[in-house]
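Q: My structure is below; once you've seen it, I'll send some questions.
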Amino acid sequence: MLPANLREKLFQVQEELASSLRTLGLTEPISPLVIPSRHGKHFEGVRLDAGADLLNHYQFQWCRMREASDINYHLAEQADKAIASVESYINRQHHLVSTLTTNLSSVSLMMIQLQKITESMSVTEATLKKTEEHLALLEDLVKDSQLESEIKEHDKKFVLLQDQKFAELESLKNHLAATHLQKVREYESKQVLKAKERQAIFEQAFETEIQQYKQSGIIPRMSQSNRQTTSLEEIVVEDDPSSLNQFLDE
């Protein structure tokens, strides 16, 4: 199918050709030419250059038509490219509009989901607060339990240490009592030994006095030192705690 401007050019050429033919048939030559022939005949009233002008005219019109056709061809190519570009742009825009329409249709659903997520976050936040409170309470309970365990452990250690100290004290008391008893026995033994020695001295002095009485018949007077002496029966062992106190102080 020819372009519209090319059809117009062809129609214009046809009109001009028809007009030229009509003009050529109606006009009369102003100065008819006489052309001799090879046979000696003459042709009067014939314009032989009329065809040259007409040919030149149509050649010129054909060149213009050819140039216009080339121009139209290039313009058609540019138009085709522009149309393809516009079509591609329109297709992209259509795809974008379709995508936007689809996304807009899901906005309400997204808002509902967002509201649900917000509510879920609120519930989660409240749960986290309760969890933190429970963790704090649990931490306090753990501290109390640890403290109670430490107290029980200290009480157990205290009881063991107390029993150990009581045993050591009892052992010390027994040792001190045994030591004191031994010292008392040693002291009593010494006192008994001293009393026996004194008794022996007294018996010897009494025998001496008896012998003097038998010989002289006079009872000798006891010396001051003899008066102050006591017999073994008169010796009383006293339980003096001063030695024990002195031992404990040492």
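Q: Can you run down the residue pairs with Cβ atoms below 8 Å, 6 or more apart or on separate chains, where the first is in the stretch 76-97 and surrounded by 10 or more Cβ atoms within 10 Å (Cβ to Cβ) and the partner is modelled with pLDDT under 90 and not in a helix (DSSP H, G or I)?
A: Between residues of the stretch 76-97 that are surrounded by 10 or more Cβ atoms within 10 Å (Cβ to Cβ) and residues that are modelled with pLDDT under 90 and not in a helix (DSSP H, G or I), the close pairs are ALA76/PRO3.
Q: Could you list all residues from the stretch 87-144 that are in a helix (DSSP H, G or I) and of a type in the set (Gly, Ala, Ser)?
A: Selection gives SER88, SER98, SER105, SER108, SER120, SER122, ALA126, ALA136.
Q: Does LEU193 meet the test of being without any contact (Cβ under 8 Å) to a residue 12 or more places away in the chain, over 60 Å from the mean Cα position of the chain (by Cα) and in a helix (DSSP H, G or I)?
A: yes
Q: Right, something else. Write out, first by first residue and then by second, each pair whose Cβ atoms fall under 8 Å of each other, whose residues are 6+ apart or on separate chains, and whose first residue, in the stretch 132-145, is free of Cβ contacts under 8 Å to residues at least 12 places away in the same chain while the second is surrounded by 10 or more Cβ atoms within 10 Å (Cβ to Cβ) and among the charged types (D, E, K, R).
A: none
The values are calculated or read from the model by the stated rules, or taken from the named source; none is laboratory data. All figures in this text were calculated on a predicted structure; none of them were measured in a lab. Don't worry about glycine lacking a Cβ; one is built from the backbone with ideal geometry, like all the others, and counts go over all protein chains shown.
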